[in-house]
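Chemist: This is the structure, below, for whatever I ask next.
The values are calculated or read from the model by the stated rules, or taken from the named source; none is laboratory data. Computed from a predicted model, the values in this text were never measured in an experiment. Reconstructed Cβ throughout: ideal geometry from the backbone, glycine too, with neighbour counts over all protein chains shown.
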Amino acid sequence: MLALCYPEAETILLVQDNLNTHTAGSFYEALPPDEAFELARRFEFHFTPKKGSWLNMAEIELSVLSKQCLDRGIADLKIWLLAIFYG
């Protein structure tokens, strides 16, 4: 999907967690070899730290905030996030 959205990009940097299926080999499991090779050539994989994934930290933070804030007059996490990001 990313390759379709950015056809002019020579390289697409992809930041992801360290799940063992997040490799260029996944392209070869799902696509014909020539198409898989073209995608594997375009993607540059970068991985978050195994023990401190930024995604895990964000999930923990949202969990804490929802437990501490949603019972105090903010009825919906979506409304709260909109208030935080758009003032």
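Chemist: Looking at (1) under 30 Å from I84 (Cβ atoms); (2) modelled with pLDDT under 75; (3) out of contact with any Pro (no Cβ under 9 Å at 6 or more places or on another chain), find the lone condition where C5 falls short.
Modeler: (2)
Chemist: Could you tell me which residue of region 24-41 is modelled with the highest pLDDT, considering only residues that are under 28 Å from N56 (Cβ atoms) and surrounded by 13 or more Cβ atoms within 10 Å (Cβ to Cβ)?
Modeler: Selected residue: A40.
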